[in-house]
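Q: Handing you this structure, nothing more for now.
The values are calculated or read from the model by the stated rules, or taken from the named source; none is laboratory data. This is a predicted model, so every value here is computed, not measured. Glycine gets a Cβ as well: all are built from the backbone with ideal geometry, and neighbour counts include every protein chain shown.
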Amino acid sequence: MRNLARFLSAALVMTLLFALPSSAAERAHRVAIQVDQNDPDVMNLALNNAKNVLEHYQARGKNVSVEIVAYGPGLHMLRADTSQVKDRIKELVGQYSAKIKFAACNNTKQAMEKREGKVLAIIPEAKIVPSGVVQLMELQEKGWSYVRP
């Protein structure tokens, strides 16, 4: 009876161990990249970082997600009227549509609109989030890695 109990306990432990790897071992690699400067060189560095991460993990058959969050002066990189990198962003989204996202800070957008006296258009590849800083915080709280080029 004691041997049977040990066997059943061992079998239960093994079942649980083999059930975990599908979620734990296949956990997606996720990185949030901050852009807070109105500088195409900085944004291109962020885009290079994103592409390198995507290529690295895709080549290994791993799940990967990248989110570039722009706020403050960095929002210019996601503005339809001022972005000097919008064609490159469109190209990356075309290549990695399900794996890369762009977040535009609404706090910054509203402040710029007030200062400039006009409604600002954000490139279609970006989503507007309430706050860029909060977006970065919440992604990190969910286990995302953080990079600032």
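Q: Looking at the structure I just gave you, is Asn106 touching a His at 6+ places or on another chain (Cβ under 8 Å) and among the polar types (S, T, N, Q)?
A: no
Q: Further question: Which condition from (1) of a type outside the set (Lys, Arg); (2) over 22 Å from Gly143 (Cα atoms); (3) in contact with a strand residue (DSSP E or B) (Cβ under 6 Å, 6 or more places away or on another chain); (4) buried (at least 20 other Cβ atoms within 10 Å of the Cβ) is the one that Asn106 breaks?
A: For Asn106, the failing item is (4).
Q: Can we say Gly74 is part of a helix (DSSP H, G or I) and exposed (fewer than 15 other Cβ atoms within 10 Å of the Cβ)?
A: no
Q: Same structure, new question: Out of all the residues in region 116-142, which are in contact (Cβ under 8 Å) with a residue 60 or more places away in the chain, part of a helix (DSSP H, G or I) and under 18 Å from Val66 (Cβ atoms)?
A: Scanning region 116-142 gives Gly132, Gln135, Leu136, Leu139, Gln140.
Q: Do the conditions hold for Ser65, that is, is it under 21 Å from Tyr146 (Cα atoms) and either surrounded by fewer than 18 Cβ atoms within 10 Å (Cβ to Cβ) or basic (Lys, Arg) (or both)?
A: no
Q: On the given criteria, is Ser145 closer than 22 Å to Arg30 by Cβ, touching a residue at least 24 places away in the same chain (Cβ under 8 Å) and among the hydroxyl-bearing types (Ser, Thr, Tyr)? Outline the logic, then answer.
A: Values: closer than 22 Å to Arg30 by Cβ: yes; touching a residue at least 24 places away in the same chain (Cβ under 8 Å): yes; among the hydroxyl-bearing types (Ser, Thr, Tyr): yes.
Here the answer is yes, as Ser145 does meet what is asked.
Q: While we're looking at this one, here's another question. Quick check, is Ser22 at pLDDT below 95, of a type in the set (Gly, Ala, Ser) and under 21 Å from Val147 (Cα atoms)? Outline the logic, then answer.
A: Numbers: at pLDDT below 95: yes; of a type in the set (Gly, Ala, Ser): yes; under 21 Å from Val147 (Cα atoms): no.
Answer is no for this residue.
Q: If you don't mind, there's one more thing I want to ask. Can you find a residue that is among the polar types (S, T, N, Q), in a helix (DSSP H, G or I), more than 21 Å from Trp144 (Cβ to Cβ) and modelled with pLDDT of 95 or more anywhere in region 35-48? Break it down stepwise before answering.
A: We begin by selecting, within region 35-48, every residue among the polar types (S, T, N, Q); these are 37-38, 44, 48.
Restricting the remaining residues to those that are in a helix (DSSP H, G or I) gives 44, 48.
Right, trim to more than 21 Å from Trp144 (Cβ to Cβ) and you get 44.
This time we only want the ones that are modelled with pLDDT of 95 or more, so: 44.
Scanning region 35-48 turns up at least one residue that is among the polar types (S, T, N, Q), in a helix (DSSP H, G or I), more than 21 Å from Trp144 (Cβ to Cβ) and modelled with pLDDT of 95 or more.
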